[in-house]
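See below for the structure under consideration.
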Amino acid sequence: QVQLVESGGGLVQPGGSLRLSCAASGSFFGLYGMAWYRQLPGKQRELVAAITSGGSTNYADSVKGRFTISRDNAKKTAYLQMNSLKPEDTAVYYCKTDRGGSTYWGQGTQVTVSS
């Protein structure tokens, strides 16, 4: 069983920055990929960024050049650095991992970009 706990969301002005964290429980964190998703009001959850166990990354086109996903295996934590935030980035952000055929989600953290 894996538990994921997100933190770091909040209210920020357009053009601002936030860093989200996703702390994982359990063992062997470094062996598994991690991903960040977001869910905009009234829409389906969408992939924002992902990082493999080896550190390879991929991003949604809408966030390329603005967001950076990273991981610290010693701390069993994944991060999402979000810069140049736009109002359309407003959403609940979730982290996710897949292990042994099961998918684990965090509870989500709200990010609101507004002046």
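Since every read-out is calculated from the coordinates, none of them should be taken as a lab result. Here the structure is a predicted model, which is why all the values come from computation and not from measurement. Reconstructed Cβ throughout: ideal geometry from the backbone, glycine too, with neighbour counts over all protein chains shown.
Note on the chain: dipole from Cβ charges, positive end direction compared against 70, 93, 41; the farthest Cα belongs to 70.
Can you tell me the order of 50-60, 75-85 when each peptide is scored by its average per-residue count of other Cβ atoms within 10 angstrom, highest first? Display every interim value, and only then the final one.
On the way: 50-60: 13.5, 75-85: 19.5.
So the order, starting with the most tightly packed, is 75-85, 50-60.
Extension gain for the segment residue 46 to residue 62, taken as residue separation times 0.36 nm less the Cα-Cα distance, is 4.7 nm to one decimal.
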